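Presented below is the structure to which this report refers.
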């Protein structure tokens, strides 16, 4: 019996080491089972002056249309607040100068904060040259066709694009002619209005708006005054498209600095504020008369594109942006 078991074990061990010729793959694969794919070219262009072709963008992109933009009251940043990972801050204490945060990265009017989002208006980068900060009050918020938020590191869109890029596409006067006059008022000295005119004639399209707003704000030393004009003239053909635009912004904004809400509602104050004002809206932790920001902007932008054939397009862009800032903080 022991001899039989030994013979069976040796036979099994030998069988386990026999070459399995039938399981080896063939040296060649039949050509009829191979599908040859054409070459795939992956490339990213800089932010263009129109709508990003979403199907071609290698990044996740959020788009916001005109209807949602028009419901915002103060800044284009407000229309982004409901997007995933987006929040607003208020470093200077004024709703007209918010800072935008995207998954922990920020873009702000405050010099010294790490700016991590590039902002474009019709393809032109509007981060300031000195510290890459962005003043949302200077953007033509009410004159936007759509907003495009490109998420993720976007080095092709220039520096300070670690969190992504924000592209603002302004409106054209396409469609029926219209003239709109708007006047509004509210609490705390809120008063303003706008005049809009747009339409098409003789192959040209025109869009223009003149707007003004002033408010005293809920807190003391929170007065704001804004004057903005925007005009865009274009001509669109079968194979070509051209437009030129001009933006004027002249503001005077006071910033009482951001404070904890509990301080303004009568809560405990730090020991160094020994004699707080009776009306907590007058509270100024840093003292003095608060901050102020008085900018003036002249922004010229032009774009021309012509399609030669299905594979070739010529595009030419140019802009001039002049800013004059008078501020204290």
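The values are calculated or read from the model by the stated rules, or taken from the named source; none is laboratory data. Quick caveat, the model's predicted, so the values are computed rather than measured. Heads up, the Cβs are rebuilt from the backbone with ideal geometry, glycines too, and the neighbour counts pull from every protein chain shown.
Okay, residues lined up against (1) crowded, with 23+ Cβ neighbours inside 10 Å; (2) under 20 Å from residue 58 (Cβ atoms); (3) at pLDDT below 90:
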site	(1), (2), (3)
130	no, no, yes
133	no, no, no
137	yes, no, no
140	yes, no, no
158	no, yes, yes
165	yes, yes, no
170	no, no, no
175	no, no, yes
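Considering only residues in the range 58-86 that are surrounded by 17 or more Cβ atoms within 10 Å (Cβ to Cβ) and closer than 16 Å to residue 170 by Cα, the one that is modelled with the highest pLDDT turns out to be 64. All conditions but one from (1) modelled with pLDDT of 95 or more; (2) more than 27 Å from residue 89 (Cα to Cα) apply to residue 236; the one that does not is (1). Listed by first and then second residue, the pairs linking a residue in the range 197-208 that is touching a residue at least 24 places away in the same chain (Cβ under 8 Å) and on the phi > 0 side of the Ramachandran plot to a residue that is in a strand (DSSP E or B) and surrounded by 16 or more Cβ atoms within 10 Å (Cβ to Cβ), with Cβ atoms under 7 Å apart and 6 or more places separating them unless they lie on different chains, are 199/206. A single member of 280, 296 is touching a helix residue (DSSP H, G or I) at 6+ places or on another chain (Cβ under 8 Å) and farther than 14 Å from residue 123 by Cβ, and it is 280. I'd like to check something: does the range 302-319 contain any residue that is touching a residue at least 12 places away in the same chain (Cβ under 8 Å), surrounded by 13 or more Cβ atoms within 10 Å (Cβ to Cβ) and assigned to a helix (DSSP H, G or I)? No, that holds for no residue.
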